[in-house]
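Remarks on the structure that follows.
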Amino acid sequence: MRGVRGPGPGRGRGRTGTAVAVAVALAGLLAACGPQPPLPPDATGTRTADATAPVSGGTRAPGATSPVATPPKDEPRADEVLIEVNVSGGLAGVANQLLVYGDGRYTVRQGVTSPRTRKGRMKPAELAELRAALESPAYAAVPARVEGGVVHDGFQYVVSHDHRVVVAGDGGRPAALDRVFAALPEGGPPTSR
């Protein structure tokens with residue numbers, strides 16, 4: 001066999017040994033790129049990667065973890081803010097806020113100088129209705145700033161959901177936004193003083 005030399009004194013690995021090492025390294029890389037089994041949730045319910053599992057583009061340092069996926073929308077975290085609605089304006093000049101959390105708890109804060117706060121919890125069916133209104137394609141099509149007719153002494157609404165903000169007034173609100181408002185606890189956005 002011409003050109004193939006075994007390891008000799010001072011020569012290191014021969015071509016055969018190098019070819020085997022390259023094949024083993026390539027097999028390891030290909031295995032890392034293949035489909036990975038689903039990750040089990042940790043104690044908080046967040047799915048995390050194994051600290052030593054290979055990651056696309058490299059390997060993870062031992063002991064390091066990072067979130068891989070968030071819980072599905074039908075399994076909300078209790079501390080997740082599902083929707084925030086801030087209401088300002090009106091004849092009396094209100095400045096109110098409604099926060100609805102992923103588990104159905106909600107908080108209403110009314111007033112600025114001496115704010116009053118009340119808390120409650122939505123029933124599961126009510127929360128499901130609110131989620132359906134927020135996740136509908138019609139609501140996704142509502143523009144970030146709703147232009148409508150001017151209503152003197154009307155309210156302005158700033159609605160935040162899933163890293164998206166919609167600003168609207170009383171005039172010309174789209175039906176998809178009215179559907180969200182109708183699904184809010186206590187009959188809609190907090191407009192009373």
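The values are calculated or read from the model by the stated rules, or taken from the named source; none is laboratory data. Fair warning: this is a prediction, and the values are worked out from it, not measured in the lab. FYI the Cβ positions are ideal-geometry reconstructions off the backbone, even for glycines, and counts take in every protein chain you see. Just the protein is used for accessible areas: all its heavy atoms, side chains included, with ligands, DNA and RNA removed. Shrake-Rupley method; radii C 1.70, N 1.55, O 1.52, S 1.80 Å.
Before moving on, here are some points about what is shown:
- Only one of the numbered conditions (1) part of a loop (DSSP other than H, G, I, E, B); (2) in contact with a strand residue (DSSP E or B) (Cβ under 6 Å, 6 or more places away or on another chain); (3) without any contact (Cβ under 8 Å) to a residue 60 or more places away in the chain; (4) open to solvent by less than 40 Å² (accessible area, probe 1.4 Å) is not met by Val167, and that is (1).
- Index of the failed condition, Val146 passing every other in (1) under 22 Å from the mean Cα position of the chain (by Cα); (2) over 16 Å from Glu129 (Cα atoms): (1)
- A count restricted to the stretch 92-110 and to residues that are open to solvent by less than 20 Å² (accessible area, probe 1.4 Å) and either basic (Lys, Arg) or not in a strand (DSSP E or B) (or both) stands at 2.
- Those residues of the stretch 170-179 which are surrounded by fewer than 14 Cβ atoms within 10 Å (Cβ to Cβ) and under 27 Å from the mean Cα position of the chain (by Cα), in sequence order: Ala175, Asp178
- The residues listed here are Thr70, Thr113, Thr107; of these, the one that is at pLDDT 90 or above, of a type in the set (Val, Ile, Thr) and more than 15 Å from Val159 (Cβ to Cβ) is Thr107.
- Index of the failed condition, Ala182 passing every other in (1) open to solvent by less than 70 Å² (accessible area, probe 1.4 Å); (2) over 15 Å from Val81 (Cβ atoms); (3) aliphatic (A, V, I, L, M): (1)
- Selection count, the stretch 111-163, where residues are surrounded by 12 or more Cβ atoms within 10 Å (Cβ to Cβ) and not in a loop (DSSP other than H, G, I, E, B): 20
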